[in-house]
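Some notes on the structure that comes next.
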Amino acid sequence: MAPLRASRPGAPMPAEEEAATSGDSPPAPPPPGRPDGETGLGGLEEMLGFNLRLAQEASFAAFARRTGQSDLRPGRFAILRIIAANSGLSQTALSAAAGRDKSTLTPALADLEKRGLIQRRRAPRDRRSYALFVTAEGEAVLRALSGHAAAHDAALDALVGPEQRAMFLAILRRIAAGIG
């Protein structure tokens, strides 16, 4: 993986991201596999799940490039943003909203808490559960990264195209709901 580069709004972007935001959509790349004529994917290139994973990895890598030196991964950014929008949210409600199970959510919350970005407090009505809150430091990180996240989303929108965006979101949501 390429090293992260510092980035700021208005900073030069890699050529593929610039093309995606210029309005001139480049032609769709060929399906993965055999770019060098040697590596076959055994039919994976035609499988939706494999291509969803490739798209997720590409999106996460582009987000990391755009956010520069921040090492807050997209999944943790999403968790932080959901907590900020729902102060006092329970871990159970966060799990449902973020589509994360306990085995991946618990370490993510521990990491965010260790960084000082969130606080977990015993819920006043149910002492067995925790209520989640974004700290002042977490709010500052959200402010710093929100512009990058919006620019990243705009680049994805440019790739999908405005006329297909609603349909694409509906398909992604149907997939998530149908197999989740």
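The values are calculated or read from the model by the stated rules, or taken from the named source; none is laboratory data. The structure displayed is predicted, hence computed values, not measured ones. Positions of Cβ are backbone-derived with ideal geometry, glycine not excepted, and every protein chain shown enters the neighbour counts.
Taking the numbered list (1) at pLDDT 95 or above; (2) over 18 Å from residue 106 (Cβ atoms) in turn, residue 79 passes all entries but (2). Inside segment 83-95, residues that are out of contact with any strand residue (DSSP E or B) (no Cβ under 7 Å at 6 or more places or on another chain) and either under 16 Å from residue 146 (Cβ atoms) or at pLDDT below 90 (or both) make up a count of 1. Per the conditions (1) in contact (Cβ under 8 Å) with a residue 24 or more places away in the chain; (2) in a helix (DSSP H, G or I), the sole criterion not satisfied by residue 168 is (1).
With respect to the numbered conditions (1) within 18 Å of residue 155 (Cα to Cα); (2) out of contact with any Ser or Thr (no Cβ under 7 Å at 6 or more places or on another chain), which one is the sole condition not fulfilled by residue 68? Single failed check for residue 68: (2). Look through segment 96-112, keep the residues that are part of a helix (DSSP H, G or I) and crowded, with 16+ Cβ neighbours inside 10 Å, and return whichever of them is modelled with the lowest pLDDT. Looking at the filtered set, the residue picked out is 98. Looking across segment 24-60, the residues that are of a type in the set (S, T, N, Q) and at pLDDT 80 or above come down to 39, 51, 56, 59. Only a single criterion out of (1) touching a residue at least 24 places away in the same chain (Cβ under 8 Å); (2) over 25 Å from residue 175 (Cα atoms); (3) among the small types (Gly, Ala, Ser); (4) touching a helix residue (DSSP H, G or I) at 6+ places or on another chain (Cβ under 7 Å) is not satisfied by residue 149, namely (2).
Could you check how many residues of segment 39-78 are of a type in the set (D, E, K, R) and either buried (at least 16 other Cβ atoms within 10 Å of the Cβ) or in contact with a Cys (Cβ under 9 Å, 6 or more places away or on another chain) (or both)?
3
Within segment 97-125, if we keep just the residues that are among the charged types (D, E, K, R) and touching a residue at least 12 places away in the same chain (Cβ under 8 Å), the residue that is nearest to residue 60 (Cα to Cα) turns out to be 100.
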